[in-house]
Amino acid sequence: MDLIKKIWTARKLILVVMIPLSLLPLPLIHPCSESSCAYVLIVTAVYWVSEAVPLGAAALVPAFLYPLFGVLKSSEVASEYFKDTTLLLMGVICLAASIEKWNLHKRIALRMVMIAGAKPGMLVLGFMCCTVFLSMWLSNTSTTAMVMPIAEAVLQQLICTGIADSLEDSVTVDTQDEESGESEKVCMDSQYPTNRDHMICKCLSLSITYAATIGGLITITGTSTNLIFAEQFNNRYPEAKVINFGTWFIFSLPIALIMLMLTWIWLHCLFLGCNFRETCSLSKKRKTRRELLSEKRIHEEYQKLGPISYPEVVTGIFFILMTVLWFTREPGFVPGWTSLFEKKGYRTDATVSVLLGFLLFLIPARKPWPSAFSKDPLAPMITWKDFQRLMPWEIVILVGGGYALAAGCKVSGLSMWIGRQLEPMSGLPPWAVTLLACLLVSAVTEFASNPATLTVFLPILSALSETLHINPLHTLIPATMCVSFGVMLPVGNPPNAIVFSYGHVQISDMVKAGFGVNLIGVFVVMLAIMTWGEPLFHLSEFPTWALMRNITGSL
């Protein structure tokens with residue numbers, strides 16, 4: 001038993017050592033570039049899926065194995081680890097740091113909840129809407145970490161008010177002080193006054209993690225997997241020029257809105273029942289004492305923020321400006337602002353992102369006129385420490401490792417070899433291939449990290465699409481979206497773990513609710529790719545940019 005315990009304790013170290021050694025015959029027996037690249041790809045993929053080493057560390061494997069096996073030069077591999085999307089992410093993180101530093105996210109969340117009211121159904125919908133909005137611009141994890149404490153304060157107010165109500169019905173007290181003290185005592189001893197209160201806590205907690213996932217789908221910067229797709233696609237098909245902030249937003253916004261409503265209805269029916277009239281009424285006459293007190297608590301929290309501050313105004317202006325400049329860069333149906341420049345193709349979404357992010361380090365956080373005599377009138381909106389605290393360097397290296405693997409597969413010819421092995425699937429219609437890809441990545445991502453799963457699958461699906469003469473976007477976009485649907489387990493993604501840590505939900509609740517959200521997600525994505533996605537990306541035809549890539553790869 002002691003030996004088994006020691007082996008189990010050292011299982012990750014054993015895996016790290018044994019996987020490369022057991023696969024070593026592959027490049028030694030067949031000493032060609034394809035087998036060497038396959039060796040590196042399998043080792044890295046196993047490290048990612050098993051998380052035997054940190055994701056960022058595993059992403060560095062191609063940096064030393066590719067040069068050792070002669071697949072790519074060290075300088076060529078190094079250039080893959082820092083791309084245009086890295087600059088895009090850095091600019092967005094600067095804006096996110098300013099939003100969090102000056103509590104703009106809290107003001108937005110509380111304001112939207114105040115509009116929705118404290119009826120359970122509307123409260124859940126209000127929190128979902130504000131979480132979706134914030135997650136469009138901030139990371140899913142940051143959004144969940146920001147919104148969940150606000151939701152927890154509201155839930156505790158509901159719970160304590162419910163316990164106080166039950167005390168009034170069953171216990172007679174002499175003084176108001178005694179009543180207040182007894183209420184606080186019971187609030188500490190008992191977590192939920194009724195089963196319905198527990199259901200409300202489950203519903204609201206899970207709705208936040210699902211809404212964060214849905215919001216991340218909307219923008220190309222909303223989640224790391226979107227960035228991975230954009231960079232790998234643009235790197236593999238440089239002539240495509242079809243994926244930018246605007247086209248992605250137009251395609252994904254209807255998906256998010258449909259998913260938001262269907263997910264809300266699913267969670268409401270699962271935890272609160274199907275009586276929407278009772279839980280969603282906006283009439284003040286139908287509000288209970290608990291709901292009125294909860295609304296009062298939300299208003300008090302909002303009042304603590306005080307009047308909107310100068311840094312919040314500046315952050316809001318930068319937020320709007322960045323979005324407008326992204327949309328108008330190359331909208332497609334009219335000339336964008338890049339047409340004002342003589343040289344084309346030099347300016348991307350990253351240019352806007354980094355420029356505005358850089359300005360946040362320069363613009364003072366105080367009004368220039370009355371602050372001339374203040375202690376530090378030139379203190380900037382954000383500092384490097386603010387940026388460093390939010391910058392996900394592990395994701396940057398992970399994305400870079402994915403680019404390096406893709407470059408190795410292309411140079412070695414491995415991607416074409418994989419494509420030839422997938423030729424038996426040529427009899428399937430495009431929608432069936434896409435559905436299989438969606439179901440496969442949705443299943444794998446429940447147990448492996450989303451970025452790692454997508455990084456492994458993108459080159460395979462690209463090669464499959466080229467072999468079957470399907471528009472690569474027909475499979476790549478749905479797979480990119482479905483890889484975010486790891487919502488059934490706490491290990492599926494960090495937002496799940498954050499919500500689970502609050503103790504309101506059990507794993508069985510997450511599996512039951514997440515399975516429904518998974519089905520909803522796959523259904524809506526398939527609906528989108530077969531309806532408004534076709535004219536937007538011309539999915540019914542095999543494009544010339546993919547044909548050129550296919551011919552070049554064959555040669």
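The values are calculated or read from the model by the stated rules, or taken from the named source; none is laboratory data. Owing to the predicted nature of the structure, the values given are computational and were not obtained by experimental measurement. Neighbour counts run over all protein chains shown; Cβ positions are idealised from the backbone, glycine included. Note: areas computed on protein heavy atoms with side chains; ligands, DNA, RNA excluded. Shrake-Rupley method; radii C 1.70, N 1.55, O 1.52, S 1.80 Å.
Considering all projection directions equally, how large on average is the shadow of the alpha-carbon convex hull of the stretch 450-537, in square nanometres?
Approximately 6.4 nm², given one-decimal rounding.
Tell me the per residue accessible area of the chain using a 1.4 Å probe; a whole number in Å² is fine.
On a per-residue basis, the chain sits at 46 Å².
Residue farthest toward the positive end of the dipole of the chain, with Cβ of Lys/Arg at +1 and Asp/Glu at -1: which of Phe319, Leu461, Leu55?
Final value for the positive-end residue is Phe319.
Find which of Pro20, Ala379, Asn226 sits farthest along the positive direction of the dipole of the chain, computed with +1 on the beta-carbon of Lys and Arg, -1 on that of Asp and Glu, about the Cα centre.
Ala379
Kirkwood-based Rg over Rh for the stretch 1-155 (C-alpha set), two decimals?
Using Cα coordinates only, the ratio equals 1.19.
Find the relative contact order for the chain and round it to a whole percent, using C-alpha pairs within less than 8 Å whose residues are 6+ positions apart.
About 23 percent, as a whole number.
For the stretch 442-516 and the stretch 533-548, what is the centre-to-centre distance using only Cα atoms, to the nearest Å?
Answer, in whole Å: 25.
Along the Cα→Cβ direction, 7 angstrom out, place labels at Tyr346 and Leu292. What is the inter-label distance in nm?
With each label point 7 Å from Cα toward Cβ, the separation is 6.6 nm.
With n ≥ 4 as the cut-off for DSSP H runs, can you work out [θ] at 222 nm for the chain, using -39500 (n - 2.57) per run divided by the number of residues, rounded to the nearest 500?
Result for the chain, helices only: -23000 deg cm²/dmol.
Kindly write out, for the stretch 104-112 in residue order, the coupling ³J(HN,Hα) from the Karplus curve 6.51 cos²θ - 1.76 cosθ + 1.60 (θ = phi - 60°), rounded to whole Hz, with x marking Gly and Pro.
Each residue of the stretch 104-112 in turn: 5, 5, 5, 5, 5, 5, 5, 5, 5 Hz.
Ranked by accessible surface with a 1.4 Å probe, highest first, in what order do His268, His198, His30, His299 come?
His30, His299, His198, His268
Say each of Leu489 and Ile42 gets a label point 7 Å from the Cα, pointing the same way as Cα to Cβ; how far apart are those two points in nm?
My value for the distance between the label points is 2.4 nm.
Over the stretch 204-315, how many percent of alpha carbon pairs lie in each 5 Å bin up to the one with the longest distance?
2, 9, 12, 12, 13, 15, 14, 10, 6, 4, 2, 1, 0
Could you give the dipole magnitude of the stretch 294-337 about its Cα centre, charging the beta-carbon of Lys and Arg +1 and that of Asp and Glu -1, in debye to the nearest 20?
Around 20 debye, computed over the stretch 294-337.
Give the accessible area for Thr328 in Å² (nearest 10); use a 1.4 Å probe, count only protein heavy atoms, and leave out ligands, DNA and RNA.
60
Taking Cα centroids, how far is the stretch 1-47 from the stretch 203-230 in Å?
33
Rounded, prolate or oblate: which one fits the chain, using the alpha carbon gyration tensor with axes a ≥ b ≥ c (rounded when a/c is under 1.5, else prolate when a/b beats b/c, else oblate)?
Prolate, because a/c is 1.5 or more and a/b exceeds b/c.
Just to be sure I understand the model, the point goes 7 Å from the Cα along the line to the Cβ. What's the resulting Phe327 to Cys32 distance in nm?
Result for the modelled spin labels: 5.2 nm.
Do you know the relative contact order of the stretch 208-271, to the nearest whole percent, from alpha carbon pairs under 8 angstrom that are 6+ apart?
Relative contact order here is 38 percent.
Counting pairs of alpha carbon atoms under 8 Å apart in space and at least six apart in sequence, what relative contact order in percent does the stretch 6-57 give?
About 40 percent, as a whole number.
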